[in-house]
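Worksheet for the structure shown next.
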Amino acid sequence: MAASRGAVGPPARGDTECILEPLSLPESPGGDDAVESSPYVPCIFCKECYILAEQNQLLKHMIIEHKLVIADMKLVADFRSYILYWKRRFAEQPITDFCSVIRTNSKAPLEEQDNYFLLCDVLPEDRLLREQLQQKRLREILEQQQQERYDTSFHSTCMFCDQEFTGNRSVLLNHMAREHAFNIGLPDNIVNCYEFLAVLQGKLDNLQCLYCEKVFRDKNTLKDHMRKKQHRRINAKNKEYDKFYIINYLEFGKSWEEVQSEDDQELLDNLEEDWSDWEEHPVCAVCLFCEQQADTTEKLYLHMQKSHGFHFPKIKSEHGLNFYQQVKLVNFIRREIHHCRCYNCQEKFESKGGLISHMEETKHIALLPARSTWDQPQYYFPTYENDTLLCSLSDSEDAKTEDQSEEVPVVSEDISSLKALKQSSVLNQLLCKENKNQEKF
């Protein structure tokens, strides 16, 4: 009171430091932000807490101890925020205002009956909460994906050849798809790429197949298995990978399979529409010696002839290669180029560019090794699974057949020596023996 009635001037020290209301320390060291980022999730009804990774234990606890059943928790985008919201709402209003009551043992005596409470998205408030959490998660994921898309500080190692890549994540993903036929999807469809690659690398380090999840005794056995079984891919049914694909965040309560199924059904429903204006995008084939692509084999052959001195149609004609031999030759050349090894002199190089320069300068690029080197059953298998050049090869015999006229001349049989042929035929001897046998009987 003395301070309020005193003259104008600097207040006394004791007046400025007096406590006018009770103070309280924050319950958690970081305040509200720390609560939101805490790894623990509290029970809606009591003081029990569980680690976020053990959410199933918390759900089990609430069913057993508090008779609360929450439907479709796998569709809730943010488990912790969902639980905290309903913990606050149940403190404000009775649980029966929000949940359906399910009575068990209804025919038993009253003391033996149990009431369970079901919380689900039939309640408008619950459904709105789930949708808001989904939209919030989608915004966060899109922001993360946008950041990764333009990130130039990416640095990682290929899990198949140990080659290092820096710059943008797309460089590594495209390398694995092109050089190792390992395609996990377009870079723009992937989020949290570092974590995704770490999960895949961890499986390979544990000698585990990425597709069938089998564990093998050593690295070479695993590599042979994944190559022969064509398991150098991930299993789309494995839910562990869902969080790394944007499509799984797009629609509330739907997995990527359901979204894709709806798209396919829409295509089936529109089959009767007019497709006369449809223009098919050509499938591009890749050069045997560089990254050049062409939408027709003629353009690709012309490029290889002018840029590298490799005349594929001429080689096919001179060696009389049928379709299967062409397939083996293409796979052989791709294998040797992939290993940076000249298929003529077997000299190895540090880079593909050095190899191609050597082969063009020495003219080794147009000189094939002995047929026995590349005409082997192992080269029936494609070096790259997505090699569209193999699909556009043509059989030289088929080409000749198409050029021939439909009226094929028929050469008559030479019957000038037919009488002599009958006399010398082995059938005459058999007939003679048969007649003699009949005479004996």
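The values are calculated or read from the model by the stated rules, or taken from the named source; none is laboratory data. Here the structure is a predicted model, which means the values were calculated and not measured. No Cβ is skipped: glycine too gets one built from the backbone with ideal geometry, and neighbour counts run over all protein chains shown. To get the accessible areas, we keep the full protein, side chains included, count just its heavy atoms, and leave off ligands, DNA and RNA. Shrake-Rupley method; radii C 1.70, N 1.55, O 1.52, S 1.80 Å.
Brief remarks on what is shown
- Protection proxy ranking, peptides 170-182, 365-377, average beta carbon neighbours within 10 Å, highest first: 170-182, 365-377
- At the residue level, residue 153 shows approximately 80 square angstrom of accessible surface with a 1.4 angstrom probe and all protein chains present.
- Classification of segment 172-218 by its C-alpha gyration tensor yields a prolate form. The axis ratio a/c (a ≥ b ≥ c) is 1.5 or more, and a/b outweighs b/c.
- Cut-off 15 Å between beta-carbons: net charge of the residues surrounding residue 232, Lys and Arg +1, Asp and Glu -1: +4
- Once the Cα-Cα distance is subtracted from the 0.36 nm per residue extended length, the residue 150 to residue 221 segment shows a gain of 21.8 nm.
- The phi torsions of segment 85-96, fed into the Karplus equation with coefficients 6.51, -1.76 and 1.60 and a -60° offset, translate into couplings of 4, 6, 5, 5, 5, 5, 6, 8, 9, x, 5, 5 Hz, rounded to whole numbers, with Gly and Pro shown as x.
- Charge tally in the Cβ shell below 11 Å around residue 168, where Lys, Arg are +1 and Asp, Glu are -1, residue 168 excluded: 0
- Per residue, segment 68-108 exposes 56 Å² of accessible surface when a 1.4 Å probe is rolled over the protein heavy atoms with every protein chain present.
- Calculated FRET efficiency for the pair residue 49/residue 378, C-beta based, R₀ 56 Å, to 0.05: 0.40
- Beta-bridge orientation, segment 38-137: approximately 75 percent antiparallel, per DSSP, counting only bridges with both partners inside.
- Over 30 Å between alpha carbons, listed pairs 237/352; 214/243; 239/352; 316/352: 237/352; 239/352
- Of all accessible heavy-atom area on segment 68-155, the percent that carbon and sulfur account for (1.4 Å): 51
- Farthest positive-ward along segment 186-256 dipole, Cα basis, beta-carbon charges - from 208, 198, 247: 208
- If the segment from residue 65 to residue 292 were pulled out straight at 0.36 nm per residue, it would be longer than the present Cα-Cα gap by 75.1 nm.
- Between residue 56 and residue 108, the simple spin-label model (points 7 angstrom out along Cα→Cβ) gives 2.7 nm.
- As a rough guide to protection, the peptides 80-87, 215-222 ranked by mean Cβ packing within 10 Å, highest first, stand as 80-87, 215-222.
- In range of the label at residue 122: residues from segment 91-109 whose backbone nitrogen is under 11 Å from the point 7 Å along Cα→Cβ: 99-102
- Net charge of Cβ neighbours under 15 Å - reference residue 357; Lys, Arg +1; Asp, Glu -1: 0
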